[in-house]
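**Q** Sharing a structure, written as structure tokens. Questions coming.
Each reported figure results from applying straightforward, stated rules to the coordinates on display, with no laboratory input. Predicted model, so just to flag it, every value in this text is computed and none were measured. Quick reminder, even Gly has a Cβ in these numbers, built from the backbone with ideal geometry, and neighbours come from all protein chains shown.
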């Protein structure tokens, strides 16, 4: 390997390290400020003292449709928001890209799917998605009451677009939340997220 190749490889390693250092399990989750579909401005730090679930979503993605057409996502949202958990659905699709929506369109989607997030965050610039290294829709994150990241990855264990597979899958989000409620560490804090790529 010549000197130029070595320098290039080192530069790539530095970039990769910087990206991976943005977010880590059992470390403070990056704070952010976002406009919601209801017109409010919220920050993650506003919810300190509560558990927060972040769900990256894209209504046009077949993997997202799997979980909404089956009411799997709505059931999970209902279960945890009724327990006082803050559920934030994040739309990071850029303008002109698949899944991009206006606030009015986001609200219409929420109503038509009977979804139950606490808020829908509009992240067309991709700043929140980039801070969290969100790669797919869905991509799930759990943040505890102290603002520490406790889980990131897939919603469940079966990588498919078929709603029939949900019943035989392990729901990683539900599993992690149950473990946290019992005072345990999350046994699988990182899983491989699957779905459509986030359309930055």
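**Q** Out of all DSSP beta bridges with both ends in the chain, state the antiparallel percent to the nearest 5. Before the final figure, lay out the partial values.
**A** Working: 18 of 28 bridges.
Antiparallel bridges make up about 65 percent of those DSSP assigns within the chain.
**Q** In nm, give the distance between the simple-model label positions of residue 133 and residue 103, each being 7 Å from the Cα along the Cα-to-Cβ direction.
**A** Distance between the two pseudo-spin positions: 3.3 nm.
**Q** Most exposed first by the Cβ proxy, i.e. fewest other Cβ within 10 Å, how do 112, 182 rank?
**A** 182, 112
**Q** Which whole-angstrom value gives the distance between the alpha carbon centres of region 61-95 and region 130-158?
**A** 13 Å
**Q** Same structure, new question: Rounded to the nearest 500, what is the 222 nm mean residue ellipticity of the chain from helices alone, with -39500 (n - 2.57) per DSSP H run of 4+ residues and division by all residues?
**A** Helices in the chain give a 222 nm mean residue ellipticity of -9000 deg cm²/dmol.
**Q** Can you match Rg and Dmax of the Cα atoms in Å to one of these, (1) 18.0, 54; (2) 18.6, 62; (3) 17.2, 60, based on a calculation from the structure here?
**A** (3)
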